[in-house]
Amino acid sequence: MVAVKDLILPRALLPDATIGICSPSGPVSREKLEAAVRAIEARGYRVKLSENVFARRGFLAGDDDTRLAELQEMFQLPDVDAVFASRGGYGMGRILPRLFCERISASRKCFVGFSDLTTFSWLLFGCDGFVTFSGPLAVEWSGGVAEEELDKTLRLLSGEGSLNLLEGVPRENLKVLKDGTCEGVLLPGNLTMVASLLGTPFLPDLSGAILVLEEVGEARYRLDRLLFHLRNAGVFRRIGALIIGDMLHGAPDENDMPSVEEMVLDATKTYNFPILSGIPYGHGTQRITLPVGAPVKLNTNACELRLLGPVVERAA
């Protein structure tokens with residue numbers, strides 16, 4: 001695992017920054033993204049869209065070459081200070097092997113995205129120790145995520161966020177499945193995308209990591225299959241703690257189906273690391289933003305997930 005001293009922190013987002021938006025995964029609605037751009041600009045930021053941000057090729061936002069080029073370009077443009085993915089969907093995995101990670105990390109620009117972008121953030125951390133943010137997609141800045149959570153995201157990116165990433169989360173919403181404390185690198189992501197990295201060279205070292213998982217639209221048996229795939233691949237032998245976010249189901253299940261918590265306990269049987277469930281991280285409107293690769297301490301008894309250092313570098 002990357003040592004704390006070897007982390008590459010992005011530069012803090014300034015109030016008048018220019019945010020670049022591109023579409024490295026699935027196609028985005030013009031109407032929704034234009035509304036989101038207006039909402040971001042209303043907060044005092046400038047926005048620069050990539051040339052083909054509205055491209056559409058079936059389930060992709062254009063061909064692989066274009067999506068790859070425009071993603072990498074956003075990190076090289078001198079007039080762009082941070083990069084937001086327009087939306088998730090599918091497509092990031094097709095271009096992972098061709099990314100120039102060192103150039104992206106060297107830009108020191110904040111990157112925000114999640115879901116399909118899990119693989120991108122995990123790759124950057126695994127390659128260079130570059131810290132990114134699992135947070136709202138660009139299209140969600142107009143009605144997709146609660147305003148107070150967007151405010152918290154901006155404070156986190158500017159270096160002014162709370163050290164406790166779970167601050168403000170009602171304790172009654174959290175469930176301690178296995179008590180304990182753990183210090184480790186925070187690795188949040190979508191369960192399907194995490195499973196897709198297993199067996200590839202793009203999976204970062206999970207030793208001692210605090211793994212945070214979310215999922216949406218999957219039947220319970222599929223969630224169970226994914227969790228046991230992680231177990232069978234040895235993920236739970238390596239991590240130091242597990243946190244479960246939103247697991248929003250697809251079609252309604254029969255009443256006798258096990259709960260998410262029951263499935264998690266089944267999949268982690270024989271392991272004694274701390275497990276906390278119920279944090280607002282996932283595809284819901286109440287969603288916290290989490291730094292990918294940041295050293296943190298989990299205390300299930302206090303229901304705290306505390307940063308152990310800065311996640312951005314603020315100007316002197």
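The values are calculated or read from the model by the stated rules, or taken from the named source; none is laboratory data. Note that this is a predicted model, so its numbers are computed, not measured. Counting neighbours? That spans all protein chains shown, and the Cβs are built from the backbone with ideal geometry, glycine included. In case anyone asks, the SASA skips ligands and DNA or RNA and just uses the protein heavy atoms, side chains included. Shrake-Rupley method; radii C 1.70, N 1.55, O 1.52, S 1.80 Å.
Annotation note: Cβ proximity below 7 Å between a residue of region 15-29 that is farther than 18 Å from residue 121 by Cα and a residue that is charged (D, E, K, R) and open to solvent by 10 Å² or more (accessible area, probe 1.4 Å) (sequence gap 6+ or interchain) occurs for 17/81; 18/46; 18/48; 18/79; 18/81; 27/56; 28/87.
If the condition is being aliphatic (A, V, I, L, M) and not in a loop (DSSP other than H, G, I, E, B), then region 176-204 contributes 176, 177, 185, 186, 187, 191, 193, 194, 195, 197. For region 301-309, does any single residue satisfy the condition of being in contact with a strand residue (DSSP E or B) (Cβ under 6 Å, 6 or more places away or on another chain), farther than 22 Å from residue 116 by Cα, open to solvent by less than 10 Å² (accessible area, probe 1.4 Å) and at pLDDT 95 or above? Yes: one or more hits.
Among the residues of region 174-184, none qualifies, meaning not one is farther than 30 Å from residue 44 by Cβ, free of Cβ contacts under 8 Å to residues at least 40 places away in the same chain and surrounded by fewer than 22 Cβ atoms within 10 Å (Cβ to Cβ). The set of residues in region 35-50 being surrounded by 12 or more Cβ atoms within 10 Å (Cβ to Cβ) and either without any contact (Cβ under 8 Å) to a residue 24 or more places away in the chain or under 20 Å from residue 73 (Cα atoms) (or both) consists of 37, 41, 45, 46, 47, 48, 49, 50.
Annotation note: of 155, 222, the sole residue that is surrounded by fewer than 19 Cβ atoms within 10 Å (Cβ to Cβ), at pLDDT below 95 and basic (Lys, Arg) is 222. Quick test of your reading of the structure: residue 67 fulfils all but one of (1) farther than 28 Å from residue 310 by Cβ; (2) assigned to a helix (DSSP H, G or I); (3) open to solvent by 10 Å² or more (accessible area, probe 1.4 Å). Name the failing condition by number. Going through (1) farther than 28 Å from residue 310 by Cβ; (2) assigned to a helix (DSSP H, G or I); (3) open to solvent by 10 Å² or more (accessible area, probe 1.4 Å) one by one, residue 67 breaks only (3).
Taking the criterion of being farther than 23 Å from residue 37 by Cα and not in a helix (DSSP H, G or I), the residues of region 85-127 that qualify are 99, 100.
Can we say residue 227 is closer than 24 Å to residue 304 by Cβ, in contact with a strand residue (DSSP E or B) (Cβ under 9 Å, 6 or more places away or on another chain) and not basic (Lys, Arg)? Let's see the steps before the verdict.
Working: closer than 24 Å to residue 304 by Cβ: no; in contact with a strand residue (DSSP E or B) (Cβ under 9 Å, 6 or more places away or on another chain): yes; not basic (Lys, Arg): yes.
So residue 227 does not fit the description; no.
What are the pairs with Cβ atoms under 8 angstrom where one residue, in region 56-71, is at positive phi and the other, located anywhere, is open to solvent by 30 Å² or more (accessible area, probe 1.4 Å)? Sequence gap at least six, or different chains. The qualifying pairs are 62/52; 62/56. You will find that of 138, 209, 219, the residue that is without any contact (Cβ under 8 Å) to a residue 60 or more places away in the chain and in contact with a strand residue (DSSP E or B) (Cβ under 9 Å, 6 or more places away or on another chain) is 219 and no other.
Taking strands (runs of 3 or more DSSP E) as the structural unit, those lying wholly within region 251-299 and holding at least 2 residues that are closer than 22 Å to residue 231 by Cα and modelled with pLDDT of 95 or more correspond to 275-277.
Look at (1) surrounded by fewer than 20 Cβ atoms within 10 Å (Cβ to Cβ); (2) closer than 18 Å to residue 264 by Cβ and you find that residue 143 fails only one, number (2).
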